[in-house]
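The block underneath contains the structure these notes are about, expressed in structure tokens.
The values are calculated or read from the model by the stated rules, or taken from the named source; none is laboratory data. The structure displayed is predicted, hence computed values, not measured ones. Cβ atoms come from the backbone with ideal geometry, glycine included; neighbour counts cover every protein chain shown.
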Amino acid sequence: MFQTSYREDVMRLNDLKDIHLDALKEVANIGSGHAATALSQLIGKTVYVQVPEVKILKIEDIPGLIPEDNPIVVGILTNFFGDATGKNLLIIPKNEAELLVDILLSRTPGTTKIFQEMEISSLKEVANIVTSSYLGAMGEFLGFLLIPSVPSLTVDELTSIITTVYVEFTEEKEYAFCVETAFYFAEEDKKLHGYLIMIPDPEALENMLKAMNLL
């Protein structure tokens, strides 16, 4: 069977911006809504979601998502398997991750300053919810079954996380889908931002483009 090169697939990503970006935004909106509902159920409080933005970025440009004056983030990595494979990285600015833990554990805002076992477990649970919600919405859109792995968590500058986690990446894995959104916790009157980065493996990217009728 004829297979396109990754470079040809990347060229089709440029077409995707015009042809299917609105559809991907709707997929992200559905995923965000599912995540907000699940978070509401988890903490027993109302959580709203901001309409997400969807971007296609080079991996080298991902650190530019975070302001230079606040470079430390919590990065929660999951692999995904099934009809497509790749990696998801949930990025939350560290100061906002600390506040998120306070909300999850019913603490006074400003209490959490370090991440120990309980704090890490809480953040991983959020990552499970967010990642599963987005993968479910994406899978339904593509007609794929996408299954997330157990997450791993790192606290560092985003540049270092990208370098460490994706050190094996070559030109064959240089583009990513980025979903930027924010969750609003009504009772605390706090808005927390997050970025979900999806990097499909080359073969998975080809299959995804085929499912979107771009191949």
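Annotations
- Qualifying position, being more than 25 Å from residue 62 (Cα to Cα) and among the polar types (S, T, N, Q), among 112, 131: 112
- For beta carbons closer than 6 Å, sequence separation of 6+ or different chains, a first residue in the range 187-201 that is surrounded by fewer than 17 Cβ atoms within 10 Å (Cβ to Cβ) and a second that is part of a strand (DSSP E or B), the qualifying pairs are 191/182; 191/184; 193/182.
- Taking residues in the range 40-52 that are more than 18 Å from residue 25 (Cβ to Cβ), and partners anywhere that are of a type in the set (Asp, Glu), the pairs with Cβ atoms closer than 6 Å and at least 6 places apart or on different chains are 45/187.
- Positions within the range 149-162 being surrounded by fewer than 19 Cβ atoms within 10 Å (Cβ to Cβ) and in contact (Cβ under 8 Å) with a residue 60 or more places away in the chain, in sequence order: 149, 150, 152, 153, 154, 155, 156, 157, 159
- Selection within the range 80-111 - part of a loop (DSSP other than H, G, I, E, B) and farther than 22 Å from residue 161 by Cα: 83, 84, 105, 106, 107, 108, 109, 110, 111
- Only one of the listed residues (30, 62, 91, 114) is at pLDDT 95 or above, farther than 23 Å from residue 187 by Cβ and not acidic (Asp, Glu). That residue is 91.
- Test: residue in the range 43-54 that is assigned to a helix (DSSP H, G or I), at pLDDT 90 or above and either surrounded by 13 or more Cβ atoms within 10 Å (Cβ to Cβ) or in contact with a Ser or Thr (Cβ under 6 Å, 6 or more places away or on another chain) (or both): yes
- When restricted to residues that are surrounded by 19 or more Cβ atoms within 10 Å (Cβ to Cβ), under 30 Å from residue 210 (Cβ atoms) and polar (S, T, N, Q), the range 77-121 contains 2.
- Among the residues making up the range 61-76, those that are in contact (Cβ under 8 Å) with a residue 60 or more places away in the chain and either within 26 Å of residue 47 (Cα to Cα) or surrounded by fewer than 19 Cβ atoms within 10 Å (Cβ to Cβ) (or both) are 63, 65, 66, 71, 72, 73, 74, 75, 76.
- Across the range 54-92, the number of residues qualifying as of a type outside the set (A, V, I, L, M, F, W, C), within 13 Å of the chain's Cα centre (by Cα) and within 10 Å of residue 158 (Cβ to Cβ) comes to 1.
- Residue that is assigned to a helix (DSSP H, G or I), at pLDDT 90 or above, under 23 Å from residue 184 (Cα atoms) and among the hydrophobic types (A, V, I, L, M, F, W, C), where the choices are 39, 24: 39
- Residue within the range 132-146 that is assigned to a loop (DSSP other than H, G, I, E, B), hydrophobic (A, V, I, L, M, F, W, C) and either surrounded by fewer than 16 Cβ atoms within 10 Å (Cβ to Cβ) or over 17 Å from the mean Cα position of the chain (by Cα) (or both) present: yes
- Tallying residues that are in contact with a Pro (Cβ under 6 Å, 6 or more places away or on another chain) and either at positive phi or small (Gly, Ala, Ser) (or both) within the range 26-75 yields 2.
- Contacts under 6 angstrom Cβ, first residue in the range 21-34 being in contact (Cβ under 8 Å) with a residue 12 or more places away in the chain, partner in a helix (DSSP H, G or I) and surrounded by 18 or more Cβ atoms within 10 Å (Cβ to Cβ), 6 or more apart: 27/137; 27/138; 27/141; 30/137; 31/133; 31/134; 31/137; 34/133
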